[in-house]
Every structure is written in C-alpha cells, then in structure tokens.
1. On a 0 to 90 degree scale, rounded to 10, what angle separates helix 196-207 from the longest Cα axis of the chain?
2. Any chance you could run the full-extension gain for Ile148 through Ser231? It's 0.36 nm times the residue separation minus the Cα-Cα distance, nm to one decimal.
3. I need the peptides 111-122, 76-87 ranked by packing, meaning the mean over residues of other C-beta atoms within 10 angstrom, with the highest value on top.
4. What length, rounded to one decimal in nm, is gained on full extension from Lys217 through to Glu1, with 0.36 nm per residue of separation minus their alpha-carbon distance?
5. Find the cysteines in the chain that fail to meet the 4.7 Å Cβ criterion with every other cysteine, and list them.
6. Please give the contour-minus-distance gain from Asp203 to Ala82: 0.36 nm per residue of separation, less the Cα-Cα distance, rounded to one decimal in nm.
7. Using packing as a proxy for protection, rank 48-58, 209-219, 126-136 so that the peptide with the highest average count of other Cβ atoms within 10 Å comes first.
8. With respect to the cross-link table entries Lys132/Lys240; Lys2/Lys220; Lys2/Lys132; Lys11/Lys240; Lys83/Lys154; Lys132/Lys154, which display a Cα-Cα separation exceeding 24 Å?
Amino acid sequence: EKAVAVGGTRKITSYGRQVTEMFTQELVDAGCIIVSGLALGVDAVAHKATLDAGGKTIAVLGCGIDCCYPSTNSRLYDDIIAKGGAIVSEYGLGVPPNQGSFPSRNRIIAGLSQGVLVTEGAVDSGSLITAKDAFENNRPVFAVPGPITSTLSKGPYELIQKGGRLVTNAHQILDALGMSAKAQKRKSATMIGDTEEEQAIIDLLVEQEMEFDEIVKKTKIPSSQIGGILSLMEMKGMVKVSDGVFCLV
C-alpha cells in the first residue's frame, strides 16, 4: 500500500468534483491510501470518494483531533474513523484552528504521502503549499489540467511549469509510483458477461487495466470485433476507458 495526497480548492467546481472522484476511486481500487485535510471542496470529496470505494483515508487537521473543522464535515469525520481511517494532528487536544495552522499542517500531508495530486485550485490554493513541501522532499507532484479560462486551473498549470507531472488518469500516477493498476472492487470480480467474448474481457480486466491492443492480443479476438464488444460493454456500464486504457466499472 502507498499513500497519495489529494488536495485542491475549497470552491470546487463540477469539473473539479468529477476528476477528484475519478482519480480517487481509481487510486483506491489499486490499493492506495488517500491523505487529505478534511477541508471543504476537494479535500472532502476525496475523503468521501475513498470511503465510497471501500478504501482507507487519513485526515490531517489544523487543530486538535477532538475538534472537527469545519463542523459541516463532522459526519465525514465520524465516517473516516468508523471505517478504519485515521484523524491526525500535531496539535494538542482542544486546540482550535488558527490562520497559520492550516499551511503548517500541509507539510504533514506531504510527509505522509509518496506523491501529491492537485486536481483543481487557484494559484494561492493551500494545496500548492502541500505540493511545495513535496517538491522539497523529492516526492512526485501530479497535476490535473483544467479549462484554461478557469482561475481554478491556474494552480495545476503553475505546478506543471515547476516540474509537476501532468496527468489525465490515475494509471499514470500508479506507473510513477511503481504500482500496478489492478481492479480490486468486489463487484468487478463477480461480474458476469452476457457472451463468452464479454466474459473473456472481464476475466482479463479483473487482474489489471489494459489498452485495446493488449486486449486483442490476449483474447485472440479480431480487433474489428473487440471494438464493437467493448463499445457495447461501455454502454452497459461494464467497462470504462480513460486515455486509451480500459478497466471494469
């Protein structure tokens, strides 16, 4: 297991929510622990997506561990503990948050993680502080590109300019961390195809994600047929494709 920090803006957009959920779920499916700061926006979405996917998540607070801040995330706070995650802080019990405690806790988020992913954020986003700490400690930083017209895309683009790795799917993060992208969801393991060809594809993708050519090679089904089968399976909600890589849903 490896830990990946996921962070970004508190003022999350629908695009930011979508990519945060997508990346988080794929990382959890590969066995990653997700680390974040329990803040509103990207942090909360990453924690919740982890729990929804059956994974473990660590929340690093800028206050004592007995203080849930913001209070609107109290249910999420309880769920993290109930589902085997952890609440972490360097502050004593009862210590309230202050203006400097959040930037300070970001170094702990980076320190607990083998890599840092920023999905959406402005240039003054606190997640860029986390990324800066990761850079200084030779940990890889990953950034998701967004619409160039959005101010909340400027943070990831700045990280890319500074040496962060542009990523469009979690497979690229897993490769950088030396992990295989294995599909580990129980429902994928019990999925049954409607035809022998569909079942052959399911049996392959249960073990790992694959590109089109690799599926053709291993199933020995002509590429002209595989294309139609995969399209039909995608419409049925059985598989999905990201950047040319297929995996079970």
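The values are calculated or read from the model by the stated rules, or taken from the named source; none is laboratory data. Fair warning: this is a prediction, and the values are worked out from it, not measured in the lab. Every residue, glycine as well, gets a Cβ built from its backbone with ideal geometry; the counts of neighbours run over all protein chains shown. Note: accessible area is taken over every heavy atom of the protein model, side chains too, but ligands, DNA and RNA are not part of it. Shrake-Rupley method; radii C 1.70, N 1.55, O 1.52, S 1.80 Å.
1. 30
2. 26.8 nm
3. 111-122, 76-87
4. Value of the extension gain: 74.7 nm.
5. Isolated Cys, the chain: Cys32, Cys68, Cys247.
6. Extra length from Asp203 to Ala82 when fully extended: 40.2 nm.
7. Packing proxy ranking, top to bottom: 126-136, 48-58, 209-219.
8. Cα-Cα > 24 Å for Lys132/Lys240; Lys2/Lys220; Lys11/Lys240; Lys83/Lys154; rest within.
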